[in-house]
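The values are calculated or read from the model by the stated rules, or taken from the named source; none is laboratory data. Here the structure is a predicted model, which means the values were calculated and not measured. Neighbour counts run over all protein chains shown; Cβ positions are idealised from the backbone, glycine included.
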Amino acid sequence: MKRRQRYGERAVAEEGKKKRLSNQEIVLVTYVFLILFLIMIAFLAYFMYKKAPSYVNNPYNANRQAILEERYTRGDILSADRQVLATTVEEDGAEKRYYPYGEIFAHIVGYNGRGTSGIEQMENSSLLSSHNNPVEMFTNELLEKKNKGDMVVTTLLTDVQEAAFDGLGEMKGAVVAIEPSTGKIIAMVSKPCFDPNYISEIWDEIVSEEHSSEAVLVNRASQGLYPPGSTFKIVTLLELLRENPAMAEEFSYNCEGVYTEGQWSIKCAHDAEHGEQNLSEAFANSCNGAFVAIGRQLSFRNVYRLCDDLGFNSPLPTAFPSSRSRFTLKDDGDIGTVMQTSIGQGETLVTPLHMALIMSAIANKGKVMEPYVVDHVVSSQGNQVSSSSPRQWRRMMSEEEADQLSDYLRAAVTDGTGSAAQGEGYNVYGKTGTAEFNSSGDTHAWFVGYAERTANTPELVVCVLVENGQSGGDIAAPICRKVMDAYFGR
Ligand SMILES: [Zn+2]
């Protein structure tokens, strides 16, 4: 009885303490609000008397950037492995944008100086705003000190980007590497390129009439449109598997180096004569004759529909500029055009990024994720501001179709034209392309493929396009290997 009473007394005492604590908390909260309120009033007053004129006197849109640049030091852009890709430094008392990697990330990170491009443009508002401690920011404003803008952390990996850049060497073209399960862009290179550190100095030259054919500022990976050549045989093959699986099963073609029908004839690349070919061999050897014969059996109304599923004639879901790939043939009318189209010539044009996305669908069981390059934004003090999460763009094909295609792609690397893409410690699935772009027989070189270290877990898609590179197998495939070696060798 006594014990219980004592317990009762203690409970009452505890209750009292709690009440006192609550009262203290209320007082604390009141003070916090009061302080915040005073800060707000002070900021309003400060804004009205000191800052407002500069807002009012300037036409809002034209000078908004300049006003923000007066208040914020443009934030940094980092790679996924936390290397600085763009930062702001002081030079002779003035702020200057500095790109430690020079040309290597030129197109995708972009420039800031002659307007903005790339990530500098996409994330302009993040880089010129700040989510640091508000009291500290306010104090800085009062002291007329600039606040440091937020930091953009990308999905790009420096060593993979460097491998792609070095792989292209002096050649013109593009390389793009994507993680198929998420859509993260791991590397994106376009050549010829420019050094964004000197954008103002070189501007007049690179936009001059004389250099217009070079199109230095164009990001060839996402904006360059090229005939797909033999990489399009992936599409022709998929349509055959859809439309006529029995024919796919029994397919046989005797290649004598040239396919002729009426006034039209198409030769196999590099004067090859492939002899007797089943479907897997014809794909692995990239036999033009066999694929023209297949194309002549297909309904091009259906091929057009398939191309629609694959994202031709549609904008790509990118936050940076990208071109629409083009597929125009809707019927089986003109035999010459059907023959050309079946092997990726004719009117068809694709971007390297789009080709990489089609390959991503095969690697990712038919589904394609939206490609993205900004992983997250943090304040310069490390407060998380926003982050990207992977999103599905579309389903391009069924899981079964993706599985079937991967068998053909594997054979093209183990027993076909893509052997130079195979490195050590991972398996590559891919397709070469050698695409004619003029009447003198000059060709662009393609390789598009994916790699995995363990079965059924594709990790990286790579697409390489070399302008006037002549041979997909000899020129583009080894660049792909360098990129994959860098990725898996990390
Ligand atoms: Zn052939």
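Among the residues of region 455-490, those identified as assigned to a strand (DSSP E or B) and not β-branched (V, I, T) are P458, E459, L460, C463, L465.
With the structure loaded, tell me whether S322 is more than 14 Å from the ligand (Cβ to nearest atom), under 30 Å from A420 (Cβ atoms) and not charged (D, E, K, R) or whether it fails that test. Yes.
The listed residues are G433, G425, G418, and the only one of them that is under 20 Å from D485 (Cβ atoms) and touching a strand residue (DSSP E or B) at 6+ places or on another chain (Cβ under 9 Å) turns out to be G418.
Filtering D204, D195 for residues that are away from the ligand (no atom under 11 Å from the Cβ), surrounded by fewer than 16 Cβ atoms within 10 Å (Cβ to Cβ) and at pLDDT 95 or above leaves a single hit, D195.
If Q381 satisfies all but one of (1) polar (S, T, N, Q); (2) modelled with pLDDT under 95; (3) closer than 20 Å to P228 by Cβ, what's the number of the condition it fails? Single failed check for Q381: (3).
Restricting attention to region 217-254, the residues that are farther than 30 Å from Q277 by Cβ and out of contact with any strand residue (DSSP E or B) (no Cβ under 9 Å at 6 or more places or on another chain) add up to 1.
A residue that is closer than 15 Å to S379 by Cβ, under 22 Å from the mean Cα position of the chain (by Cα), part of a loop (DSSP other than H, G, I, E, B) and modelled with pLDDT of 95 or more occurs nowhere in region 99-113.
On inspection, N140 passes the criterion of being surrounded by fewer than 20 Cβ atoms within 10 Å (Cβ to Cβ) and either in contact with a strand residue (DSSP E or B) (Cβ under 8 Å, 6 or more places away or on another chain) or closer than 30 Å to K365 by Cβ (or both).
Listed here are the residues, each with its yes/no results for (1) away from the ligand (no atom under 15 Å from the Cβ); (2) surrounded by fewer than 21 Cβ atoms within 10 Å (Cβ to Cβ); (3) over 25 Å from P352 (Cβ atoms).
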position	(1), (2), (3)
G229	no, no, no
F232	yes, no, no
V235	yes, no, no
L238	yes, no, no
G257	no, yes, yes
E276	no, yes, yes
N288	no, no, no
F291	no, no, no
G295	no, no, no
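In region 244-253 there is at least one residue matching the filter, namely being near the ligand (Cβ under 9 Å from one of its atoms), in contact (Cβ under 8 Å) with a residue 24 or more places away in the chain, buried (at least 19 other Cβ atoms within 10 Å of the Cβ) and not hydrophobic (A, V, I, L, M, F, W, C). The residues listed here are S386, S380, S314, S280; of these, the one that is among the polar types (S, T, N, Q) and under 22 Å from G449 (Cα atoms) is S280. Filtering region 174-198 to residues that are touching a residue at least 40 places away in the same chain (Cβ under 8 Å) and farther than 29 Å from Q392 by Cβ leaves C193, F194, D195, P196, N197. Would you mind stating whether E136 is more than 28 Å from V189 (Cα to Cα), in a helix (DSSP H, G or I) and either touching a His at 6+ places or on another chain (Cβ under 7 Å) or not assigned by TED's automatic domain parsing to the domain that holds V385 (or both)? Here the answer is yes, as E136 does meet what is asked. A Cβ distance below 6 Å, combined with a sequence gap of six or more or placement on separate chains, defines the contacts here; from region 448-467, residues that are in the same structural domain as D166 (by TED's automatic domain parsing) reach residues that are in a loop (DSSP other than H, G, I, E, B) in the pairs A451/Y426; R453/Y426; P458/P180; V461/P180; V466/M171; E467/K172. When region 443-490 is filtered for residues that are polar (S, T, N, Q) and either closer than 21 Å to N219 by Cα or buried (at least 24 other Cβ atoms within 10 Å of the Cβ) (or both), the ones remaining, listed by number, are T443, N468.
Look at region 373-388: where a residue is more than 16 Å from T318 (Cα to Cα) and a partner is of a type in the set (K, R), sitting 6+ places away or on another chain with Cβ atoms under 6 Å, you get S380/K148. Yes or no: V218 under 30 Å from I104 (Cβ atoms), surrounded by fewer than 21 Cβ atoms within 10 Å (Cβ to Cβ), modelled with pLDDT of 95 or more and among the β-branched types (V, I, T)? Here the answer is yes, as V218 does meet what is asked.
Region 158-251 holds helices (runs of 4 or more DSSP H) entirely within its bounds, and those carrying 2 or more residues that are under 25 Å from the mean Cα position of the chain (by Cα) map to 158-168, 199-206, 220-223, 233-243.
Comparison of T337, T328, T348 shows that the only residue that is more than 15 Å from the ligand (Cβ to nearest atom) and touching a Gly at 6+ places or on another chain (Cβ under 6 Å) is T337.
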